[in-house]
Each structure stands twice: as C-alpha cells, then as structure tokens.
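*Asks:* Take a look at this one; I'll ask things after.
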2 protein chains.
Amino acid sequence: MSQVHYLGRSKKTKITSLDIAHRAGVSQATVSRVLRGSPLVNAETRRRVEDAVRELNYKVDRHASSLRTQRSGTLALLLFEDPTPDESHINPFFLSMVGSITRACAREGQDLLISFQQLSDDWHADYEDSMKADGLILLGYGDYLAYTGKLEKLVAQGTRFVRWGAVLHDQPGLSIGCDNFNGGRIAGEHLVGLGRRRIAFLGGASSHCPEFFDRFRGCDAALREVGGAMEAILQVDAESSEEDGFAAARELLARGGAFDAVFAASDLIAVGAMRALADAGLRVPEDIAVVGFDDLPMARFTSPPLTTVFQDTKRAGELLVETLLRQIGGEQTQSITLPASLVVRKSSGA
Amino acid sequence: MSQVHYLGRSKKTKITSLDIAHRAGVSQATVSRVLRGSPLVNAETRRRVEDAVRELNYKVDRHASSLRTQRSGTLALLLFEDPTPDESHINPFFLSMVGSITRACAREGQDLLISFQQLSDDWHADYEDSMKADGLILLGYGDYLAYTGKLEKLVAQGTRFVRWGAVLHDQPGLSIGCDNFNGGRIAGEHLVGLGRRRIAFLGGASSHCPEFFDRFRGCDAALREVGGAMEAILQVDAESSEEDGFAAARELLARGGAFDAVFAASDLIAVGAMRALADAGLRVPEDIAVVGFDDLPMARFTSPPLTTVFQDTKRAGELLVETLLRQIGGEQTQSITLPASLVVRKSSGA
DNA sequence: CTGAAAGCGCTTACAG
DNA sequence: CTGAAAGCGCTTACAG
C-alpha cells in the first residue's frame, strides 16, 4: 500500500484504486464500481469507499480509464488562423466563442483541449486517432475552399466534428452558424430606413469568405427592396481586424466614390473604419452611418457607440458542444442556423 | 490484424502498434522504439516501420502511452474568474495570454487543457492527481488573499504550477508577472511631465488586488518625486471591464474632486472611463489626460487613441510554459518579473 | 452485491 | 540491433 508523503516539492507516491480498496476493505473492482456510479453496490460499502477516496484524496487515473473504455472524455477545439503565427492576437469574436465553449464543456463534464492550427497542419487525423479527444470543434474564419478537402477527409475517416460557420448545403460534415444573410439584411434595412442609399461594405465579398459574403448579399437585398444596390466601387476587402478595417476605409476614401453609410463585416473592421473616417474629418453618424457585425463587448464603448448585428456566442458555444456530444453518442444531429438581431446604438444615427 | 474501413460515418477499426509491426515485419517493441525516436534501431528497419505508420495513418494511443510513462504531455491552463459564470466575456488581456500560451505549448509539443475555475472549485488537486496534466498554469485577476491557501495546498501536494501575477516574496509557488510598480511609475512620470498633478486612479488599490495596487503605488511614487501624491478622493475601485471603468468614472465625477488626469488600472477601464468623460462633456486629452494599462489591440483604435503601459503577453506566455516545463523536468526555476514600457498615443496629450 | 481475472495499447528493462 | 514479457491503472464481463 502506497503512502502519502509531504516532502516539500517532491512528488507524492501515486495513490491507486488498490490503495482505496485496501483502506475500505473491499476489492479494487468494487472501488471502480463506486467511482463509476454503478448501482450494484451496497450503500454501506459505497460509503466506506467514498470515505477512503476522500481521506486519501484519490482521483481516478484518466489515462487508465480512457485506455480501458476507449473514451477520453475530452473534446478538442481547433482554431484556424491565417498564417501570421507570431501574432498573439486572436479575433475577439472567436475568443468569445472559446469562452462559451469552455463553459459548455465544463457543464457537460468534458475536458477541453485547445490548439491553433494552420491550414497546412496535419490536423485532420491527429486528435481522434491518438485518442486525445472524442471529437473536434472547428473554429475560424478563413478561406473555406482551401479546407473543404480536409473536411471531406475527416468525414471519410469517421471523425466526429462540428464546425462554426456558414451552413452551406454542400459542406462536408455539420455546421452551426449565424444567419448571416438575414443579419446583413436587417443591417441594410436599418440603414435604408434612415434614408441611406449608398452603403459601402468593408469585408471580403466572395465565396472564399461565405460568411462575409452572405452579410453583403443580405445588405444588397435590403437595398434592392427600395430600388438600390450595393456598388462595386464601395466594396473593399478586409479581414476581421481593426488594422484591416482602417486600411479598407482609407482605400474606400481614396477611391472617391460617394457613400453615406458603412456596413462593416465585423465590429473590429467597424472600429478601424471609424478611426479612418474620423481622421478624414468625417462625422459618424452625421456624415457617415456605421453598422458593424458581432456585437463585441467593445461595441458599447466605441465613440460613438456602435450599432451592430448581434451574434449569440453563448448559445453558439453551447450548441457546438451539445451537438458534438450527441454525435459522439451516436445520435442523429443536424446543422443549425442561429438568428441574428440588430442592436441599435448611436453610430447609425437612429 | 485490424483493417481500415471507410464506411461512411462509422468508426474505423482501431489501428495499433501491433498492426504496424505485422505490416513492417518487426516486433511491436521495435515499432514503439521507432516512434519514440530510440537510436537503437537499424536505419532500414526504421524506414519500414515509418512507411507502415504512414500507410495506415497510425497514431500512438495517447492514453496507453501516458499510462505507461506516467507523463501526459499535457499542461492545464486554469482561468480564474469572478463569480459571474454566465458571462461569456473574459478579460481580453487574459485571452491574449491564452493565445500566447497556446502557441508556446504547440511549439513545445505539449497539449493544452483549458478550464475556467471558480474560487470555490476543487481545482487544487484534480488535474495532476488524475494525470490529466503534468502541470498547471494559473491565470486570473481576483483576490489573492482568497486563494493563497489553495496555492499553499498545491505546493504541499507537490503539484507543479506557475501563476501569472504579481511576484510577491511570500507567495507560495512560482509567479511570472509584470513590473507593475514601475509600469505605474512611468505612467505617472509621463503625466507629471505633461504638467498633470491631480491624477485620479480607477482600479482597486489594496492588497486584495496587488497588481492594481502596485500600479497605483508606482504612480504615487512618480507624483511624490514632484511633491505631490495620489489623493484618496480620486481613487475609485474598479475591476477590469468597460462597465466598471464607466461606472468608476461616473463615481469619480460625482465625488466632485478636481482632477486633470485619469490613470486607469487597465485599458478596459480606460475605455469605459473615456466614454463616461465624453458623456460628461469633458475632452480627452485637453481637459483630462488618460493613460491605461495593458496595451490591448483596441488601444490603438479608441478615440482618441490610448496612451498605455505595454505588457508583453507573448513573452509572458512563453515564459509561463517554459518555466513550467523546466519545473516538471526537475530543473531549478524561479519567479520572473517582466519589464513594462510606455506607449504614447493621443489620450495623454503628449 | 462482490471478487478474480482479462485486457485496453503502449514502453522499457532484460536477455540475446 | 531486436524480441518476449512485464506492467502502467483502470473497467467490465463472468462467476458466484
């Protein structure tokens, strides 16, 4: 029987279920039954075992347990990023998702492994094959077309995964995403209702970034309802960062096309754009109405506060985890589109 | 010998090192040697094994390996938070640390478990005793006094851990933190150099939050060099959020004490405070100079851009991981204080 | 309700 | 340089 030593920094002797068994006067198998919550244990026996567990501060060895059950009780969160690996700054929207996913995992009793991935990494197999995780959560903006092939491979291999992103009918595997088209539409309708007709769009507007593209098309649809349309000269590519938003707004101004509103594909872009607009002497919202997307915490504290489209990251994180767990459990699951809603603040001049 | 099946979503048969051994015509032990990089393997044999590994897309079972070696190859990142568990919003400063820690782990070939913890949780033992992780990284503002006892328990148990935070001489275990006192001092000296003497401080200033307190005391030291001092009426408690910063600035205004500068204990507080100052018709920096702390990405895009004290989160993440790994490896390690530096932007009126 | 025993898939002395 | 074998700490049929 091993003993506990408190010898300063030296590691204590490892306590196993056998130690508990000896102490409680039962077999090791019974200890395991108690710890797994088996109903086939006498109440008095159970109590003795639980006492011993507490006294020795015993914890089940995760690896032995997982090796035996072939279940790790762990999910892996893979964050894709553009190839700027030296930057520590992750898109706050995703970080917010990381937060809600972490919490959802805790609630479900799952551990969460987290890792950044480059598109070039061999991530498609590693986590599940090595038993590190029972399933994967995929998160990240970026070029879909570039990694659709990898998703297909995951499906072919039978890997369990869910991804956050646009729900496209031909997308391999399950997706949970925001209703970007409708989000764009309500942003557009809001601006249209305020009399704006020349709406610039800052963000990628192509099938390489389907989420932004849907937001763009939604806004376009709103404009078309009143006989207008998004104009090519007023669309400038940008990824989701303040820097890109700043640069895109500068580019927009340099092009010289007239515009009375900016719909930014994300709040970060909007924040950068507002800075550029201010630098150019334009007033928000008097001269230019600005609407963002995401409703990051900072949106309430920009100057002026930012009107934006809210994405429910809390719900999204929960759904991602729940759906993945159901899939792992062999249940039927399906893609989900979450509704978007408008949050009106001062930047749109409403 | 197991075989790979691609039957739609069904799980493939698990491939083990025995399958590789058969295919390569060697013993299972040799497969293991190759995979562990043992030098005791013939080059030709090694090649055959590696080919088989590639062809069958084999990955070592992590749990079997860890069970045998008693090493998990995993670190756990525990984030402490105040008891508002329903909020998905984590302090962006910590999220930035999460980013750099995640990257540092990847570089070191370590997996990273992440978890939010409440002070009430029984986190002090779980991760290491269950072999889930070889060591812990502790992250989180919050009340030190409240969890010093837990740190002592960790040390007594021989758990390997490092924490981010103030390096206090009587703190149990290792800490890596920013030079908060000097950070506060350079912020104060900057403001003093601009002729400001009545500096308000927004943030906790007591031993319950030693980091903020050090920043406060550093600023006070700068003021004392010119015969001034921080005034009690100009100090308002705030935790690190825009909401708290906003509320604290309102409180400050309501108190009616004269001030010509605000030193916010964090950028988030500064952002909230600038909003409150603007609402009150005060101009930054003309009427009130504002300095923050952290240098979050958003600091460049506030209006006006925020003068702040830079903390090197990238380096911090690396040091946290490296130090922990050394500790796990049995090497001698020590606490580290990272330098702070001033980033001058418009909000201070320099 | 409980125990003895097999086995999950590795790693690593040990023997050759 | 390589193989046979023990064993890491659990879980779970199987037998009672």
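*Asks:* Which residues of the stretch A:147-167 show a drop of at least 50 Å² in accessible area when all protein chains are present, compared with their chain alone (probe radius 1.4 Å, heavy atoms only, ligands and nucleic acids excluded)?
*Replies:* Flagged in the stretch A:147-167: A:Gln157.
*Asks:* Over the heavy atoms of A:Met298, what accessible area does a 1.4 Å probe trace out, to the nearest 10 Å²?
*Replies:* A:Met298 exposes around 20 Å² with every protein chain in place.
*Asks:* Compare B:Arg275, A:Arg224 by solvent-accessible area with a 1.4 Å probe and give them largest first, with all protein chains kept in place.
*Replies:* My answer, sorted largest first, is A:Arg224, B:Arg275.
*Asks:* Still on this structure, I have one more. Once you order the gyration tensor axes a ≥ b ≥ c over the Cα atoms, which shape class does the stretch B:20-76 get: rounded for a/c under 1.5, otherwise prolate or oblate by comparing a/b with b/c?
*Replies:* Here the stretch B:20-76 falls in the prolate category.
*Asks:* For chain A, which whole-number percentage of the solvent-accessible area (1.4 Å probe, protein heavy atoms only) is attributable to carbon and sulfur atoms? Each step should come with its number before you reach the end.
*Replies:* Values: 7090 of 14100 Å².
Reported share for carbon and sulfur atoms: 50 percent.
*Asks:* Using a Förster distance of 30 Å, how high is the FRET efficiency between A:Glu108 and A:Glu251, based on the Cβ-Cβ distance and rounded to 0.05? List each step's numbers first, then the result.
*Replies:* Values: r = 45 Å, r/R0 = 1.50.
Working from the Cβ atoms, E equals 0.10.
*Asks:* With every protein chain present, what is the per residue accessible area of the protein assembly as shown (1.4 Å probe, Å²)?
*Replies:* Each residue of the protein assembly as shown exposes 40 Å² on average to a 1.4 Å probe.
*Asks:* By its C-alpha gyration tensor, with a ≥ b ≥ c as the square roots of the eigenvalues, how is the protein assembly as shown shaped: rounded for a/c under 1.5, else prolate for a/b larger than b/c, else oblate? Intermediate values should be presented prior to the final figure.
*Replies:* Details: a/c = 2.14, a/b = 1.31, b/c = 1.64.
Oblate is the answer for the protein assembly as shown, as a/c is 1.5 or above yet b/c matches or exceeds a/b.
*Asks:* Long-range amide H contacts for A:Ser175: which residues qualify at under 5 Å (H placed 1.01 Å from N, peptide plane, sequence gap of 5 or more or a different chain)?
*Replies:* The list, which skips near neighbours in sequence, is A:Arg163, A:Ser335, A:Ile336.
*Asks:* Follow-up. Which residues of the stretch B:208-246 show a drop of at least 20 Å² in accessible area when all protein chains are present, compared with their chain alone (probe radius 1.4 Å, heavy atoms only, ligands and nucleic acids excluded)?
*Replies:* The answer is B:Glu242, B:Glu243.
*Asks:* Among A:335-343, B:13-21, what's the highest-first ranking by average C-beta atoms within 10 angstrom per residue?
*Replies:* B:13-21, A:335-343
*Asks:* Shortest first and in nm to one decimal, what separations exist between A:Arg68 and its copies in the other chains, measuring from label points 7 Å along the Cα-to-beta-carbon line?
*Replies:* Distances to the matching label points in the other copies: 2.0 nm.
*Asks:* Go through the stretch A:24-107 and name the GluC sites (Glu not before Pro) that are in a DSSP coil and have 15 or fewer other Cβ atoms within 10 Å of their Cβ.
*Replies:* A:Glu87
*Asks:* Less than 26 Å apart at the alpha-carbon level, and either on another chain or at least 8 residues along: which lysines does that give for A:Lys14?
*Replies:* In chain and number order, the partners are A:Lys59, A:Lys132, B:Lys132, B:Lys150, B:Lys153.
*Asks:* In peptide B:295-303, what is the residue-averaged number of other protein chain Cβ atoms found within 10 Å of each Cβ? It would help to have the intermediate numbers written out before the result.
*Replies:* Numbers: counts 0, 3, 10, 8, 1, 6, 15, 6, 8.
Mean partner-chain Cβ count within 10 Å for B:295-303: 6.
*Asks:* Moving on to the next point. Around A:Arg198, which amide H atoms from residues at least 5 apart in sequence, or from another chain, sit under 5 Å from its own amide H, with H modelled in the peptide plane?
*Replies:* Under 5 Å from the amide H of A:Arg198: A:Asp260, A:Ala261.
*Asks:* Sticking with this structure for a sec: Can you give the average number of partner chain beta-carbon atoms within 10 Å of each beta-carbon in peptide B:71-77, as a whole number? Don't skip to the answer; put the middle values down first.
*Replies:* Values: counts 1, 2, 1, 5, 0, 1, 3.
If you average over the peptide's residues, the count of other-chain Cβ atoms is 2.
*Asks:* For B:Val343, which inter-copy label distances result when the label point lies 7 Å beyond Cα on the Cα-to-Cβ vector, reported in nm to one decimal and in ascending order?
*Replies:* 2.3
*Asks:* A further question follows. Tell me the total accessible area that B and A bury against each other, 1.4 angstrom probe, in square angstrom rounded to 100.
*Replies:* Counting both chains, the buried surface is close to 6300 Å².
*Asks:* What does the structure give for B:97-110 when I average, per residue, the other chain Cβ atoms found within 10 Å of the residue Cβ?
*Replies:* Mean shielding by partner chains, rounded to a whole number: 4.
*Asks:* Place the label 7 angstrom along Cα→C-beta at A:Gly281 and in each other copy, then list the distances from the first to the rest in nm, shortest first.
*Replies:* 2.7
*Asks:* Which order do you get for B:Lys153, B:Lys59 if you rank them by accessible area with a 1.4 Å probe, largest at the top?
*Replies:* Ranked from most to least accessible, the order is B:Lys153, B:Lys59.
*Asks:* Kindly provide the GluC sites (Glu not before Pro) of the stretch B:308-350 that DSSP labels as loop, not H, G, I, E or B, and whose Cβ sees at most 12 other Cβ atoms within 10 Å. It would help to have the intermediate numbers written out before the result.
*Replies:* Numbers: sites: B:Glu318, B:Glu322, B:Glu331; in loops: B:Glu331.
Sparse-neighbourhood loop GluC sites (Glu not before Pro): B:Glu331.
*Asks:* Search the structure for amide H atoms under 5 Å from the amide H of B:Asp111, placed 1.01 Å from N in the peptide plane, and list their residues when 5 or more places away or on another chain.
*Replies:* Under 5 Å from the amide H of B:Asp111 lie the amide H atoms of B:Thr74, B:Leu75, each far enough along the sequence or on another chain.
*Asks:* What is the ratio of the Cα radius of gyration of the stretch A:132-236 to 2.2 N^0.38 Å, where N is its residue count, to two decimals?
*Replies:* Against the compact-globule rule of thumb, the ratio is 1.29.
*Asks:* Take B:His169, A:His22, B:His190 and sort them by solvent-accessible surface of the protein heavy atoms, 1.4 Å probe, largest at the top.
*Replies:* So the residues, ranked largest to smallest area, are B:His169, A:His22, B:His190.
*Asks:* Ok, one more. Would you mind telling me the antiparallel percentage of the DSSP bridges in the protein assembly as shown, rounded to 5?
*Replies:* 10 percent
*Asks:* With every protein chain in place, what's the accessible area of A:Phe80 (1.4 Å probe, Å², nearest 10)?
*Replies:* 20 Å²
*Asks:* Now for a separate question. Mean separation of Cα pairs under 8 Å and 6+ residues apart, divided by the residue count of the stretch B:272-350: what relative contact order is that in percent?
*Replies:* Once divided by the residue count of the stretch B:272-350, the mean separation gives 38 percent.
*Asks:* Once you keep just the Cα pairs under 8 angstrom separated by 6 or more residues, what percentage relative contact order results for the stretch B:17-60?
*Replies:* 43 percent
*Asks:* Hey, another quick one. Please tell me the relative contact order of chain A in percent, rounded to the nearest whole number, where contacts are Cα pairs under 8 Å and at least six residues apart.
*Replies:* Once normalised by length, the contact order is 15 percent.
The values are calculated or read from the model by the stated rules, or taken from the named source; none is laboratory data. Computed from a prediction, not measured in an experiment: that's the story for all the values here. No Cβ is skipped: glycine too gets one built from the backbone with ideal geometry, and neighbour counts run over all protein chains shown. Accessible surface is based on the protein model in full, side chains and every heavy atom, while ligands, DNA and RNA are left aside. Shrake-Rupley method; radii C 1.70, N 1.55, O 1.52, S 1.80 Å.
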